[in-house]
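Here's the structure, in structure tokens; my notes come after.
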Amino acid sequence: MEGEPVNVNEFQELARQALPKIYYDYYSGGAEDEYTLKQNVEAFQGITIRPRILVDVSRIDLSTTVLGYQISVPILIAPSAKHKWAHPEGEVATARAAALCDTIMILSYRSTCTIEEVASSCNAVRFFQCYVYKRRDISANLLQRAERCGYKAIVLTVDSPRLGRREKDIKNKMVNPQLKNFEGLISTRVSTGSVESPSWKAQLLGFTDDIHVYVDDGSKIEAFDANTAFDASLSWKDIGWLRSITNLPVLLKGVLTHEDAIKAVEVGVDGIVVSNHGARQGKGRFYVGIVMELALLVDLGAPWMTDIKATILSHQRRFTIQAFVISSVSWINICFTPVVFLACTSLLYT
Ligand SMILES: Cc1cc2nc3c(=O)[nH]c(=O)nc-3n(C[C@H](O)[C@H](O)[C@H](O)COP(=O)(O)O)c2cc1C
């Protein structure tokens, strides 16, 4: 690449060159044969703008509010795991970037910095993303710590009764490190093999001991989440349980149909994030389809939608698209620049 990178694709290429393959593949990969990932990118590229001319745009204001919090642009940082694999400061640096850009960071439960470290690192408005675990005390512990540390909402990811089958991770023999958020609660380290020294690139980036690459007979991330962590029996009734352990607003992440959007309204959540998890979970539909579906639902009121619309209105609620949620943080960290990687975005409705 000649000169300074000028667009997000070039930043991604720099990331590919800078990172050990195992980490780059983890960040950029999708589930199975990556067909959905390809579709995500194509659908995104297929979006065109219908420009109107001769409108005074000398002063534009992109600021908005999400759950009452004022942000400078309708873009949030999506929860993504293990930022220290991209930068030694990990999620703390991402939180600083969020504060600098005057937007909201959603911290992943799978972060390499703790809930507390991120909270004390800056004054960005933060939400906390979580799953419901088989051991409910673990979810309760994480959520209550987040609430104590001033996180402003819980984002419950609901598209992962088990982790997507990520073929690159399997080939790379990716395994889980001990995640600091879970210390004293449960071991997240999964490895049956011996420890290999980090590659020279990993050392150069200052990776710490606890994120070594393990030699193993296959990826164990999936096994850990399926057997130990995620509660695959999770259902709508459990939203009540969630409400009983936290006073924070609850957003559901991973909604992909209008039926589920309506259910979300019925159980009283505070917002939904329309997302197919960046194609990391399986063959989920791309969000453009669901956005159209929800737009119909709330705005156009097509005749066959009458009942559905009535349901929503009866709950005195309207969904409005509130923000894009972008999982670009790794690239920000690598490049030390507030440029974001726009290839996959979620939409937040409240
Ligand atoms: C490296 C990486 C790690 C991710 N980790 C999480 C996570 O821990 N929790 C979560 O809810 N989503 C996670 N995501 C998904 C993102 O939050 C986001 O949904 C996705 O990247 C954007 O795709 P979408 O437009 O389908 O939402 C991760 C995505 C990436 C790329």
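What to note about this one:
- Summarising the amide proton neighbourhood of V66: residues at separation of 5 or more, or on other chains, whose placed amide H is nearer than 5 Å comprise I71.
- The largest accessible area among I154, I47 belongs to the first residue in I47, I154, and the rest follow in falling order (1.4 Å probe, all chains).
- Direction-averaged projected area, Cα convex hull, the range 5-54: 5.2 nm², rounded to one decimal.
- Nearest-10 value in Å² for the accessible area of E147, using the 1.4 Å probe: 60
- In this structure, the pairs whose alpha-carbon distance is over 30 Å, taken from K171/K237; K134/K171; K84/K171; K168/K237, are K171/K237; K168/K237.
The values are calculated or read from the model by the stated rules, or taken from the named source; none is laboratory data. Quick caveat, the model's predicted, so the values are computed rather than measured. Calculation scope for accessible area: heavy atoms of the full protein, side chains included, ligands and nucleic acids excluded. Shrake-Rupley method; radii C 1.70, N 1.55, O 1.52, S 1.80 Å.
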